[in-house]
Amino acid sequence: MAAGGGGVADPFSPAGVPCAFSPQSQAYFALASTDGHLRVWETASNRLHQEYVPSAHLSGTCTCLAWAPARLQAKEGPQRKKRKSEAIGTSNQVDLLALGTAVGSILLYSTVKGELHSKLISGGHDNKVNCIQWHQDNGCLYSCSDDKHIVEWNTQTCKVKCKWKGDNSSVSSLCISPDGKMLLSAGRTIKLWVLETKEVYRHFTGHATPVSSLMFTTIRPPNESQPFDGITGLYFLSGAVHDRLLNVWQVRSENKEKNAVMSFTVTDEPVYIDLTLSENKEEPVKLAVVCRDGQVHLFEHILNGYCKKPLTSNCTIQIATPGKGKKSTPKPIPILAAGFCSDKMSLLLVYGSWFQPTIERVALNSKEPHMCLVRDISICWAPKVETAITKVRTPVMNSEAKVLVPGIPGHHAAIKPAPPQTEEIESKRKLGEKEVSIEERLGALDIDAKKEKDTLPQTNSFPVLLTQGLESNDFEMLNKVLQTRNLNLIKRTVLRMPLHAVIPLLQELTKRLQGHPNSAVIMVQWLKCVLTIHASYLSTLPDLVPQLGTLYQLMESRVKTFQKLSHLHGKLILLITQVTASEKTKGPTCPAQKAKLVYEEESSEEESDDEIADKDSDDNWDEDEEEKGGEKDEDVDEEEEEDAEEKDEENGEDRDVASEKELNGDSDLDPENESEEE
């Protein structure tokens with residue numbers, strides 16, 4: 001089953017291209033390349049069997065394909081024998097191939113006729129078709145699309161039999177149960193439908209990204225003692241875009257358990273998955289997973305319940321070039337697809353280029369955990385095509401004909417200051433000795449690399465800038481994005497960035513966290529957004545701990561002193577509160593204290609003040625008393641003269657003085673004693 005298709009612009013589109021092996025002993029391999037061409041290859045001879053170019057191959061490129069099941073073709077075979085236009089032996093050949101397109105239409109291609117059989121358009125999808133599944137018995141076709149709907153087609157009448165909404169978002173994958181009564185559909189969550197009533201029978205958690213693969217792995221339940229209803233107890237497998245874990249789910253009678261029972265871990269996103277069905281509880285399931293990095297991982301496991309730890313592959317297969325010479329190093333050759341042969345002991349590998357793949361049968365050796373096959377694909381590059389099938393003709397070239405190189409005549413661009421080189425180029429053009437190389441052409445153009453580096457690309461898309469900066473390791477571009485302080489902009493950027501850039505971004509943030517504290521404050525905001533938004537994706541990575549080991553150590557070293565600083569902060573707060581409280585209690589008592597010395601000019605209480613001052617032992621106070629005493633003598637003489645003239649007034653003043661002394665607290669001092677001492 002292919003996990004490929006979709007446009008390049010969509011970040012959640014599956015990797016790879018649509019391809020599939022034919023159901024009858026993998027005799028043919030169908031491949032829909034990115035240029036819109038459908039090519040059918042013979043697996044035994046590695047020969048191109050047929051090539052078909054749809055009329056709308058550029059606008060409506062093929063997004064998925066599926067072969068009609070072998071049982072259905074065997075039933076339809078005798079009907080075709082009656083037609084005079086077909087040969088008698090065509091009934092044994094693989095026939096119909098369904099193609100889903102980007103515009104929502106479905107094409108049925110006949111490999112026997114070598115032409116389009118029919119087209120399913122009316123009442124179907126109005127958006128990209130993501131997956132096609134044939135029903136193994138009744139000849140119906142099921143398709144799902146980005147328009148959120150699932151369509152059941154009648155391939156005989158080419159009309160819609162039934163159409164219903166499959167999910168709130170786009171439906172990306174389908175799979176029919178072994179008994180043909182149930183249908184699995186998946187967007188991000190997985191649903192199990194009853195085909196007769198079109199009602200949901202079970203829900204499953206699914207993946208964080210769109211599901212690209214759904215396959216049943218068992219035909220019979222592990223517990224055969226209980227009666228079997230055709231679905232309860234069966235296991236199925238699911239793989240998702242940008243997800244390195246393949247989850248295994250079990251259909252149970254109760255609807256409580258919605259999580260996966262086990263998972264298989266691979267090195268990269270799965271591109272193509274093939275497996276051998278387990279017919280009883282003792283037979284293990286064999287799984288071949290082709291990853292985007294070009295490797296094949298082989299698993300063999302008996303499905304017998306829950307397994308907490310993800311299972312690793314039993315064997316990994318890689319293909320590389322021999323590396324001619326001492327200096328040349330072997331280069332890896334990507335594996336495009338892999339399928340088990342009918343004996344389940346050998347594997348068909350498709351590797352090389354999508355336009356000219358190499359198909360090889362490899363025997364499985366379970367003892368070796370890693371297999372590296374050395375192949376030289378440069379020898380078999382010339383395509384082997386039968387002249388009767390293809391209509392492409394190569395024009396016959398005359399030896400005297402001259403081929404003009406595009407772009408050079410009439411080129412008036414400014415030339416770099418390298419006169420000898422340009423003169424050589426002009427002389428070569430005039431003499432016609434040798435065709436000008438691409439390197440010389442680029443050297444003649446005025447391409448100033450420094451100016452391009454100085455001016456960053458004018459775009460308002462921060463996710464694009466961030467992804468390009470991480471891939472090219474451009475310091476200026478990364479600074480432009482990572483130095484922003486707008487929290488909403490940071491959240492939107494992290495939300496829209498592709499998942500494959502999450503780990504490089506975390507590594508870049510780790511480097512910057514070790515730098516200046518001011519920049520570390522901004523990096524913490526980025527780190528928080530990445531960990532909260534992409535937590536589900538990070539939890540699926542099996543090697544997350546070694547990749548983020550530096551970040552863990554950095555966070556631990558920063559947090560280590562936090563507890564001590566918290567204790568110190570608490571103690572300082574206690575001290576500050578005690579100091580402020582003591583200052584508040586001392587403040588109001590200061591104005592209530594009584595003054596030890598009160599000095600008032602031209603007052604009759606000065607005598608009593610002198611007495612109080614005499615009690616102090618300080619010398620400075622004695623000097624003041626002498627000065628005050630001289631002044632007071634003059635005042636006393638004046639008072640005696642006034643007393644002789646006005647005695648009545650003196651008596652009144654004495655009363656007033658006595659009352660004032662009582663108020664001032666000096667009433668117990670005798671004024672007569674004062675006058676005697678003076």
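The values are calculated or read from the model by the stated rules, or taken from the named source; none is laboratory data. Here the structure is a predicted model, which means the values were calculated and not measured. Cβ atoms come from the backbone with ideal geometry, glycine included; neighbour counts cover every protein chain shown. Please note that ligands, DNA and RNA were not included when accessible areas were found on the heavy atoms of the full protein model with its side chains. Shrake-Rupley method; radii C 1.70, N 1.55, O 1.52, S 1.80 Å.
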#### Entry: Where labels lie 7 Å past Cα in the beta-carbon direction, separation of Lys491 and Lys159 in nm
5.1
### Task
List every residue whose amide H lies under 5 Å from the amide H of Trp193, counting only residues 5 or more places away in sequence or on a different chain, with H placed 1.01 Å from N in the peptide plane.
Leu183, Leu184, Ser185, Tyr201
### Message
Positive end of the dipole of segment 172-231, charges at C-beta (+1 Lys, Arg; -1 Asp, Glu), about the Cα centre: which of Thr218, Val200, Ser173 has its Cα farthest in that direction?
### Response
Ser173
### Query
By how many nm would the segment from Ala27 to Leu541 grow when fully extended, if each residue of separation counts as 0.36 nm and the alpha-carbon distance is taken off?
181.4 nm
### Message
Give the residue list of trypsin sites (Lys or Arg not before Pro) in segment 325-371 that are DSSP loop and have at most 16 other beta-carbon atoms within 10 angstrom.
### Response
Lys326, Lys327, Lys344, Lys367
### Task
Take the Cβ-Cβ distance between Ala70 and Glu471 as r, set R0 to 45 Å, and report the resulting FRET efficiency rounded to the nearest 0.05.
0.50
### Task
For segment 203-342, build the charge dipole from Cβ charges (+1 Lys, Arg; -1 Asp, Glu) around the Cα centre, then report which of Ser253, Cys291, Thr209 sits farthest towards its positive end.
Cys291
### Summary
Computed for segment 87-211: size of charge dipole around the Cα centre, +1 on C-beta of each Lys and Arg, -1 on C-beta of each Asp and Glu, debye to nearest 20, value 220
### Message
Please list 3J(HN,Hα) in residue order for segment 147-154, calculated via the Karplus relation 6.51 cos²θ - 1.76 cosθ + 1.60 where θ = phi - 60°; whole Hz, with x for glycine and proline.
### Response
7, 6, 10, 10, 10, 9, 9, 9
### Query
With the other protein chains left in place, how much accessible area per residue, in square angstrom, belongs to segment 108-175 at a 1.4 angstrom probe?
39
### Query
Within the accessible area of segment 152-310, what % is carbon and sulfur when the probe is 1.4 Å and the other protein chains stay in place?
47
### Query
If you stretched the chain out fully between Ile533 and Leu373, how much longer would it get, using 0.36 nm times the residue separation minus the C-alpha to C-alpha distance?
53.5 nm
#### Entry: Heavy-atom surface of segment 462-535, accessible at 1.4 Å and reported per residue (Å²)
51
### Query
Simple spin-label model, 7 Å along Cα-to-Cβ: Glu199 to Val524 in nm?
5.5
### Query
Asp35 versus Glu224, label points 7 Å from Cα toward the beta carbon: distance in nm?
5.2
### Summary
So for R0 = 56 Å, FRET eff. of Thr585-Lys309 from the Cβ-Cβ r, to 0.05, ends up at 0.25
#### Entry: Local electrostatic count, Gly206, Cβ distance below 11 Å [Lys/Arg +1, Asp/Glu -1]
+1
### Task
Against the globular-protein guess of 2.2 N^0.38 Å, express the Cα radius of gyration of segment 259-346 as a ratio, rounded to two decimals.
1.31
### Query
Which pairs break 21 Å Cα to Cα here: Lys119/Lys163; Lys163/Lys198; Lys113/Lys181; Lys159/Lys191; Lys258/Lys309; Lys148/Lys191?
Lys113/Lys181; Lys159/Lys191
### Extension gain, Glu282 back to Leu597 (0.36 nm per residue minus Cα-Cα distance, nm)
102.2 nm
